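Below is one structure, written out as structure tokens; comments come after it.
The values are calculated or read from the model by the stated rules, or taken from the named source; none is laboratory data. Keep in mind that this is a model prediction, so the values were computed, not measured. We place every Cβ from the backbone using ideal geometry, glycine too, and count neighbours over all the protein chains shown. To get the accessible areas, we keep the full protein, side chains included, count just its heavy atoms, and leave off ligands, DNA and RNA. Shrake-Rupley method; radii C 1.70, N 1.55, O 1.52, S 1.80 Å.
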Amino acid sequence: MTISTNALYTDLSHYYDLMCRDIDYHAQSQSVARLHQLFGNQGKQHLDLACGTGPHVRHFIDFGYQSSGLDLNQPMLDLANIRCPEAEFSRQDMTNFTVEQRLDLITCFLYSIHYSGHRQGLLACIKQVHAALNCGGMFCFNSVDKNKINNDSFIRHRTEFEQHQFEFESSWHYRGEGDTQALNLRISRTPLTTSPMSLATEMWQDEHPMAATNFSELEQLLQPYFEVHLFEHDFERIIPWDGHSGNALVVCIKR
């Protein structure tokens, strides 16, 4: 069963947190809050792009930020509103969004910056973020270098929920040219019981078009608008990017 990008996230929005159960949202949020203390303008107005069900927003609120989020999928935002009733959420595209007041920190976790789709979409997102930030405001996101993607590598985990076993698998794929890559997702749900009423294994799979850049190209897009710092993709320590790894945490300070 293959369904469209939006439909996958809409139909399975109530399983999204299950799919991301292994993610340490607290460590990610705390690391970026620390980077903001070191590099930012000390303001507390925060926006999370592609916020999903709002777990990062929840942590930033707990850290004392006035936090908000945007996402394209309304069912995700409905869950985010339940998790963070004190936050404001809006259904907007990260490449063309508006804010009522300027912000001090904009984040985009889980490689979601690549959902901008292609190079022009990524540049549009960068321009929107720059316009939305206060002077000295910080933009922080994680990114993957297209030239370092291993098309044979994938991440898989299993968990049990409501009498079913779920298996989630994700992988990057880059064909070796161009400014788009793919995020391949596969989700299966198998009943744990074997009664005659049990359904067979259900499977959802999709290929998401994603913006592709290497880190040199990414810096070239960012530098007209931001002072750019690359760090190792390590949420436990702040370490400058080693110039070799294919994942990085990007910290951008508005010029």
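Tabulated values for the structure
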item	result
Residues of type aspartates and glutamates that K146 reaches as a straight line, Cα spacing below 15 Å, ignoring anything fewer than 8 places off in the same chain	E177, D179, E217, E219
Gain in span if fully extended, E207 to N147, counting 0.36 nm per residue against the direct Cα distance	19.7 nm
Projected label distance in nm at M19 and Q223, using a 7 Å step from Cα toward the beta-carbon	3.6 nm
For region 26-77: accessible area per residue (Å², 1.4 Å)	35 Å²
Convex hull volume per residue in cubic angstrom - Cα atoms of region 167-243	158 Å³
Vicinal HN-Hα couplings computed from phi for region 32-46 (Karplus, 6.51 cos²θ - 1.76 cosθ + 1.60; Hz; Gly/Pro x)	6, 4, 5, 4, 5, 5, 7, 10, x, 9, 6, x, 10, 8, 10
Ranked order, T180, T159 - accessible area, probe 1.4 Å, largest first	T180, T159
³J(HN,Hα), Karplus 6.51/-1.76/1.60, whole Hz, each residue of region 240-255, x for Gly, Pro	x, 4, 7, x, 10, 5, x, 10, 8, 9, 9, 10, 10, 10, 4, 6
Dipole in debye (nearest 20) - the chain, about Cα centre, beta carbon charges: Lys, Arg +1; Asp, Glu -1	420 debye
For region 16-46 and region 78-114, distance of Cα centres in Å	13 Å
Relative contact order of the chain, pairs being alpha-carbon contacts under 8 Å that are 6 or more residues apart, as %	19 percent
Linear extension gain, E162 paired with K127, 0.36 nm per residue minus alpha-carbon span	8.2 nm
For D17, solvent-accessible area (1.4 Å; no DNA, RNA or ligand), Å²	60 Å²
Long-range amide H partners of N214 with built H, under 5 Å	K146
Of the GluC sites (Glu not before Pro) in region 28-127, those whose Cβ has at most 12 other Cβ within 10 Å and which sit in DSSP loop	E86, E100
With all protein chains modelled, accessible area of T95 [1.4 Å, Å²]	30 Å²
Mean residue ellipticity (222 nm) of the chain, computed from DSSP H runs ≥ 4 via -39,500 (n - 2.57), nearest 500	-7500 deg cm²/dmol
Accessible surface of region 141-225, 1.4 Å probe, proportion on carbon and sulfur as whole %	46 percent
Most mobile listed residue (E219, E162, E207) in the chain, GNM with C-alpha springs under 10 Å	E162
Order of exposure, largest accessible area first, which applies to E232, E177 with probe 1.4 Å	E177, E232
Surface per residue (accessible, 1.4 Å probe) for region 116-226, Å²	50 Å²
Cross-link partners of K44 among lysines (Cα-Cα below 24 Å; sequence separation of 8 or more within a chain)	K127, K254
Built amide H within the under 5 Å cut-off of F226, gap 5+	R255
Leading residue at positive end of dipole, region 101-181 (Cβ point charges), from L123, C108, H173	L123
GNM flexibility winner over the chain from N134, N151, N142 (Cα, springs under 10 Å)	N151
Amide proton proximity set for G117, modelled H, under 5 Å, gap of 5+	A211
Accessible-area value, S153, 1.4 Å probe, nucleic acids and ligands omitted, Å²	60 Å²
Whole-percent pair-distance distribution, where bins are 10 Å wide, for the alpha carbons of the chain	7, 30, 37, 20, 5, 1, 0
³J(HN,Hα) computed for each position of region 105-112 - Karplus, 6.51 cos²θ - 1.76 cosθ + 1.60, integer Hz, glycine/proline x	8, 10, 10, 8, 8, 6, 6, 5
Potential lengthening between D179 and D78 on full extension [0.36 nm per residue; Cα-Cα distance subtracted]	33.1 nm
Label-point gap, in nm, between T98 and E86 - each point 7 angstrom along Cα→Cβ	2.8 nm
